[in-house]
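The structure appears below as structure tokens.
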Amino acid sequence: MTKSLQKLMLAASLMLSGACAFAQQSVAFIEPADGATVASPFKVKFAVSGMEIKPAGDMSANTGHHHLLINAAPVKAGEVVPADDTHIHFGKGQTETEVKLPPGTYKLSLQFANGLHQSYGPGMSKEIQVTVK
């Protein structure tokens, strides 16, 4: 292998590792799909990318846990996610739950927050709509 090819491969490797270090941070619903019609109760599964799930109380960098919001707007960055019937906390690090709702159309929002339940803001939120039959 020539020195110029070695340098090119090293440069490509460094760029790739740098890109991985700054992976996109996001949350997503695995289930149900946006626009789905579901029967109650229904399973909700969620995921996070670029951060690690840790239980409430753990304030390690780039960590947090999920909150499921029902017909509620994303929580502004730095604000504490309320704890009520429309803001469900998953402080043990859960990534799925079963939701029971009466028939109707609902906006479900996934909100990621740190160990003190302080929201990472709309950038770490995802909304879907479901219809419960």
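Each reported figure results from applying straightforward, stated rules to the coordinates on display, with no laboratory input. Since the model is a prediction, treat every value here as computed from it, not as a measurement. As a convention, Cβ positions derive from the backbone with ideal geometry for all residues, glycine included, and neighbour counts pool all protein chains shown.
Per-structure values
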item	result
Nearest-0.05 FRET efficiency for Gln94 and Ala61, computed from C-beta distance (R0 22 Å)	0.55
Label zone at Ala47 (point 7 Å along Cα-to-Cβ), backbone N below 20 Å, the range 104-123	108-113, 123
Simple label model, 7 Å out from Cα along Cβ direction - Asp85 to Lys133, nm	2.6
Ascending count of other beta-carbon atoms within 10 Å, so fewest first, for His89, His66	His89, His66
Difference of contour (0.36 nm per residue) and Cα-Cα distance, Ala77 to Lys107	8.8 nm
